[in-house]
Amino acid sequence: MIRRLLACLALVPLAACASAPKKPAPSTLESRDPYTYHVAVQSVPEDVSQLVVTVEIADPTLRPVSVHGLVGNAPFDVPLSSARCSFTNEQVSLSLEPIGESASRLQVSTHGKPVELGLCLTLPKESKEVGTLEGALARGTKASGGNPPIEAVTRLERSR
């Protein structure tokens, strides 16, 4: 009888630990900070019939979430729900394609019209490398419509 009592008493702490509420793991969005990478091509030469803006996202810590913007006065907003997405309307055509193991390329085309983009990204919470990432995004951003390249103004900022 005493043995059974001791065995039951030994199991009580185990049962208490097993039934303790577990703290849920933080969701992906809770562990990441939102940023917006802005790209603006404000003027396009008259002889350019198609403007192509390319942004290479080579850092594996960056995750594209959506892209929004304006072509002339026409707005667009496209969620980037997977590593491979595309969208086309009368004003703009865009695609997100994986390139390599952990990189992707966003390509946006217009019919020779200026474009403003806001590429929404997430970074790991309190990332210390924001300046380095901004430089890498800027180096991977190209605007063209033939020769010479077209100027694109860029900046990365924390979203609210």
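Pick from segment 67-82 the residues that are in a strand (DSSP E or B) and without any contact (Cβ under 8 Å) to a residue 40 or more places away in the chain: which of them is farthest from Ser102 (Cα to Cα)? Filtering segment 67-82 for residues that are in a strand (DSSP E or B) and without any contact (Cβ under 8 Å) to a residue 40 or more places away in the chain, the one farthest from Ser102 (Cα to Cα) comes out as Ala74.
Taken over segment 136-156, the residue count meeting the criterion of being touching a strand residue (DSSP E or B) at 6+ places or on another chain (Cβ under 6 Å) and surrounded by 13 or more Cβ atoms within 10 Å (Cβ to Cβ) is 13. Considering Leu94, Leu133, Leu119, the condition of being in contact (Cβ under 8 Å) with a residue 40 or more places away in the chain, touching a Phe, Trp or Tyr at 6+ places or on another chain (Cβ under 7 Å) and surrounded by 15 or more Cβ atoms within 10 Å (Cβ to Cβ) is satisfied by Leu119 alone. Entry remark, segment 33-66: residues being in contact with a strand residue (DSSP E or B) (Cβ under 7 Å, 6 or more places away or on another chain), assigned to a loop (DSSP other than H, G, I, E, B) and surrounded by 16 or more Cβ atoms within 10 Å (Cβ to Cβ) number 3 in total. Keeping to segment 110-135, report how many residues are among the acidic types (Asp, Glu) and part of a strand (DSSP E or B). Looking only at that region, the number is 1. With respect to (1) part of a strand (DSSP E or B); (2) touching a residue at least 40 places away in the same chain (Cβ under 8 Å); (3) under 13 Å from the mean Cα position of the chain (by Cα), the lone exception for Gln107 is condition (3).
Scanning segment 83-94 for residues that are touching a Lys or Arg at 6+ places or on another chain (Cβ under 8 Å) and assigned to a strand (DSSP E or B) returns no hits. All told, Thr54 falls short of being more than 23 Å from Ser31 (Cα to Cα), at pLDDT 90 or above, touching a helix residue (DSSP H, G or I) at 6+ places or on another chain (Cβ under 6 Å) and among the polar types (S, T, N, Q).
The values are calculated or read from the model by the stated rules, or taken from the named source; none is laboratory data. Because the structure is a prediction, the values reported are computed rather than measured. Note that we place each Cβ from the backbone using ideal geometry, even for glycine, and neighbour counts take in every protein chain shown.
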